[in-house]
1. Among the residues of region 4-33, how many are of a type in the set (Val, Ile, Thr), crowded, with 20+ Cβ neighbours inside 10 Å and modelled with pLDDT of 90 or more?
2. Would you pick out the residues in region 16-43 that are part of a loop (DSSP other than H, G, I, E, B) and either more than 13 Å from the chain's Cα centre (by Cα) or at negative phi (or both)?
3. Within region 49-59, is even one residue surrounded by 11 or more Cβ atoms within 10 Å (Cβ to Cβ), over 19 Å from LEU10 (Cα atoms), modelled with pLDDT under 95 and among the hydrophobic types (A, V, I, L, M, F, W, C)?
4. Would you tally the residues in region 34-48 being among the charged types (D, E, K, R) and either open to solvent by 90 Å² or more (accessible area, probe 1.4 Å) or within 16 Å of THR4 (Cβ to Cβ) (or both)?
5. Quick check: anything in region 62-72 basic (Lys, Arg) and surrounded by 13 or more Cβ atoms within 10 Å (Cβ to Cβ)?
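The values are calculated or read from the model by the stated rules, or taken from the named source; none is laboratory data. Since the structure is predicted, the reported quantities are computational estimates derived from the model, not experimental observations. Virtual Cβ from ideal backbone geometry, glycine too; neighbours counted across all protein chains shown. Calculation scope for accessible area: heavy atoms of the full protein, side chains included, ligands and nucleic acids excluded. Shrake-Rupley method; radii C 1.70, N 1.55, O 1.52, S 1.80 Å.
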Amino acid sequence: LVVTVATNLLAGLVPVPGGIGVAEAVLTTFLVFFGLDSDSAFAAAVVFRIATFYIPAGEGFFAMNWLDREGYI
């Protein structure tokens, strides 16, 4: 929980859209700081970002297309 909150705080300070790249680096750094080896930390950071950032964006794309096709927007 501490790692996630700290990552969101620090990634939000860097002016990169969506924190792409920055969030993964910060998350990896914090996980290594708390004792995880660097390979596992990087893998965990990438999987976390895929699950919380990239997949919802893809679902939103398809949802918007469906809403547009059905005439809701």
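1. Total satisfying the criteria: 2.
2. Result: VAL16, ILE20, PHE34, GLY35, LEU36, ASP37.
3. yes
4. 1
5. no
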